[in-house]
Amino acid sequence: MLELQNVNAYYGSIHALRDVSLKIEAGEIVTLIGANGAGKSTTLMAICGIMPVQSGKILFRGEEIQSMRPENIVSLGLCQVPEGRHIFPELTVRENLDMGAFLRRDKSGIKKDLDHVYSLFPILEKRRNQPGSNLSGGEQQMLAMSRALMARPQLLLLDEPSMGLAPLVIQQVFDIIERINRESDTTVFLVEQNANQALRIANRGYVIENGEIVLSDSGDKLLNNPDVQKAYLGI
Ligand code: ATP
């Protein structure tokens, strides 16, 4: 579904992505783990067309997207939930969800997806008329994920969905990611510092250090890899 081939990207003189290559097959949950500043968010921004790619290719379902505008990439079926969530605080929950469907014209499909989102997150239905700013951090994360789902993406990109959330809420968020993958037939690319939880739900994972992919394997194997355990799992 998605393939990065030797992608390089820079912030001025900082070489933030160094020949990054990775692959995501349809139906998978794939995670990218790494420390602070390793290049995880930059990878997602490059995929979404927000970070210019200096060299290399990004293919979405076989089509080159590395030079496309972000809104055109979204309309191909690829949608990102950014780090820090960025919901519209003054709009109601329902209005935030409507914004997710902004590019769609299929009214009955939108209604069906709204019902689906409410079934995944009943709290959002309860709070549908409240402004986004009234929601807790966990609820805002759920709203941001739901808003992305309203675009009916084939590939959902999640940037640190567990950041700043209480442990119980983190567990809920990861459970929901698994359900979205299973029930909505949505492929997931999950960027996380919470390597333990991310690897538990992922089919496969990549490890990024200083802008370079240094390791890739199945989620299970990475969880049991002594180097990964030492560097990222605190074992
Ligand atoms: P975090 O978990 O802290 O978000 P990350 O793995 O997502 O980290 P990136 O945000 O992708 O890392 O950063 C990769 C590198 O690029 C780091 O060295 C960072 O300092 C640098 N960087 C990120 N954003 C900018 C920017 N706007 N201007 C200059 N350098 C940047």
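The values are calculated or read from the model by the stated rules, or taken from the named source; none is laboratory data. Here the structure is a predicted model, which means the values were calculated and not measured. We place every Cβ from the backbone using ideal geometry, glycine too, and count neighbours over all the protein chains shown. The area values use the complete protein model at the heavy-atom level, side chains included, leaving out ligands, DNA and RNA. Shrake-Rupley method; radii C 1.70, N 1.55, O 1.52, S 1.80 Å.
What the table shows:
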quantity: Proximal lysines to Lys126, defined as alpha-carbon separation beneath 18 angstrom and excluding residues fewer than eight positions away on the same chain; calculated: Lys111, Lys112
quantity: Residues with amide H under 5 Å from that of Asp217, placed H, sequence gap 5 or more; calculated: Gly205
quantity: Within the accessible area of segment 86-198 (1.4 Å probe), percent carbon and sulfur; calculated: 52 percent
quantity: Length gained when the stretch Ser119-Glu64 is fully extended (0.36 nm per residue, less Cα-Cα span); calculated: 16.3 nm
quantity: The chain: projected area of the alpha-carbon convex hull, averaged over directions, in nm²; calculated: 12.3 nm²
quantity: Residues Gln229 and Gln193, FRET efficiency given R0 of 22 Å [Cβ-Cβ distance, rounded to 0.05]; calculated: 0.90
quantity: Surface accessible to a 1.4 Å probe, per residue, for the residues of segment 121-188, Å²; calculated: 42 Å²
quantity: HN-Hα J in Hz across segment 139-151 - Karplus 6.51, -1.76, 1.60, θ = phi - 60°, x for Gly and Pro; calculated: 5, 5, 4, 5, 5, 5, 5, 5, 4, 5, 4, 5, 7
quantity: Interchain or long-range residues, amide H under 5 Å from Gln80's placed H; calculated: Leu157
quantity: Hz values of 3J(HN,Hα) by residue in segment 14-25 - Karplus curve (6.51, -1.76, 1.60), Gly and Pro given as x; calculated: 7, 7, 7, 10, 10, 6, 6, 10, 7, 9, 10, 8
quantity: Fraction of the pair-distance distribution of segment 98-155 above 18 Å, Cα-Cα pairs, percent; calculated: 28 percent
quantity: Carbon plus sulfur fraction of accessible area for segment 1-53, probe 1.4 Å, in percent; calculated: 50 percent
quantity: Candidate aspartates and glutamates - alpha carbon under 16 Å from Lys23, same-chain residues fewer than 8 apart omitted; calculated: Glu3, Glu63, Glu64, Glu212, Asp217
quantity: For Ala38, residues with placed amide H under 5 Å, excluding near neighbours; calculated: none
quantity: Per-peptide average of other Cβ atoms within 10 Å, ordering 53-60, 187-194 highest first; calculated: 187-194, 53-60
quantity: Hz values of 3J(HN,Hα) by residue in segment 58-69 - Karplus curve (6.51, -1.76, 1.60), Gly and Pro given as x; calculated: 10, 10, 10, 6, x, 9, 6, 10, 5, 10, 7, 6
